[in-house]
Amino acid sequence: MEVIEKDKITAIIKESLLHTTSYDDYRTMVAKLVSEKKATGIVQTEALTNYTMLNDKRMKRLDKTIKIDAESVAKIQAFDKKVTWLVLTESWCGDAAQTMPVMNKIANLNDNIDFKVVLRDENIQLMNLFLTNGAMSIPKLVMLDSETNEVLADWGPRPSEATKLVEDFKNTHGVLTPEFKQDLQMWYTKDKGQNTLNDILTRFFLK
């Protein structure tokens, strides 16, 4: 594996931050893509368009329904370090649609958190810094020191319980089937963002 110098990592992050958008602007962009029957990225297929449409509906629902309990709110609001949350995503990614609304809901509870969205396929150098088992899996949420852009922590692409479901299925069947992917989305629906919330709290706030 290539060892990347710290200065180069900082330069890649600094460049990527120039191409970010807010969560609200990202949601507007995805809705516009749906109306145009498109997806993010250069490659355009009917499948990616359909996933984008589904994800727009999922994010709309989650933006309205995600609940954060009082104890978690207190932990989030007590966080006093200025950080940037930078999430790599694409409109067609089902895991991103299920977890980004949670990220946004958390970030909205604390002014010290600046939540930014960046597209994976337009920022491959950045993505390559945060591979999962060698793969460009998304979403990937990176927490940066807002002053220095130092990487403080990262999370993704799935909450811990979903990750175990995926790993167990792969170990048994080799590849993820369309039926399993539907089951995974049902798991997300039942979980209502709570596993994602708890994972992010543990990873970013409880150190």
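The values are calculated or read from the model by the stated rules, or taken from the named source; none is laboratory data. Quick caveat, the model's predicted, so the values are computed rather than measured. For neighbour counting, all protein chains shown are included, and Cβ atoms are generated from backbone atoms with ideal geometry for every residue, glycine included. For accessibility, only protein heavy atoms count, side chains too; no ligands or nucleic acids. Shrake-Rupley method; radii C 1.70, N 1.55, O 1.52, S 1.80 Å.
Couple of notes before you dig in:
- Pairs with C-alpha atoms separated by more than 24 Å, drawn from the list Lys6/Lys81; Lys81/Lys192; Lys32/Lys170; Lys38/Lys170; Lys32/Lys81; Lys32/Lys67, are Lys81/Lys192; Lys32/Lys170; Lys38/Lys170; Lys32/Lys81; Lys32/Lys67.
- Per residue, the accessible area of segment 60-121 comes to 41 Å² when a 1.4 Å probe rolls over the protein heavy atoms.
- Average Cα contact separation per residue, the chain, under 8 Å, 6 or more apart, as relative contact order %: 22
- Residue-level accessible surface for Thr84, protein heavy atoms, 1.4 Å, Å²: 10
- Calculated diffusion of the chain, Stokes-Einstein form, Kirkwood radius summed over Cα pairs, 4 °C and 1.567 mPa s, µm²/s: 73
- Estimated at the nearest 10 Å², the accessible area of Ser137 is 30 Å² with a 1.4 Å probe.
- Reported to the nearest whole Å, the Cα centre-to-centre distance from segment 74-137 to segment 145-207 is 12.
- Lys116 exposes around 50 Å² of accessible area when a 1.4 Å probe is run over every protein chain in place.
- Per-pair calculated FRET efficiency, R0 = 35 Å: Lys37 and Leu152 via Cβ, rounded to 0.05: 0.35
- GNM top mover of Val43, Val83, Val142 - the chain, alpha-carbon springs below 10 Å: Val43
- Taking 0.36 nm per residue of sequence separation and removing the Cα-Cα distance, the Arg61/Trp187 pair yields an extension gain of 43.8 nm.
- Residues whose amide H comes within less than 5 Å of that of Glu150, counting only those at least five positions distant or on another chain, are Asp145 (H built at 1.01 Å from N in the peptide plane).
- Pair Glu5, Ser22: separation of 7 Å Cα→Cβ label points (nm): 3.8
- Asp69, Asp191, reordered so the largest accessible area comes first (probe 1.4 Å): Asp69, Asp191
- 3J(HN,Hα) along segment 93-98, derived from phi through the Karplus expression 6.51 cos²θ - 1.76 cosθ + 1.60 where θ = phi - 60°, amounts to 7, x, 5, 5, 4, 7 Hz, with x in place of Gly and Pro.
- Of the GluC sites (Glu not before Pro) found in segment 154-196, not one falls in a DSSP loop while having at most 10 other beta-carbon atoms within 10 Å.
- Within the listed set Pro159, Pro178, Pro139, the Gaussian network model of the chain (springs between alpha-carbon atoms below 10 Å) gives the highest mean-square fluctuation for Pro178.
- Helical content of the chain, expressed as a calculated mean residue ellipticity at 222 nm, amounts to -16000 deg cm²/dmol (DSSP H runs of 4 or more residues, -39,500 (n - 2.57) each, divided by residue number, nearest 500).
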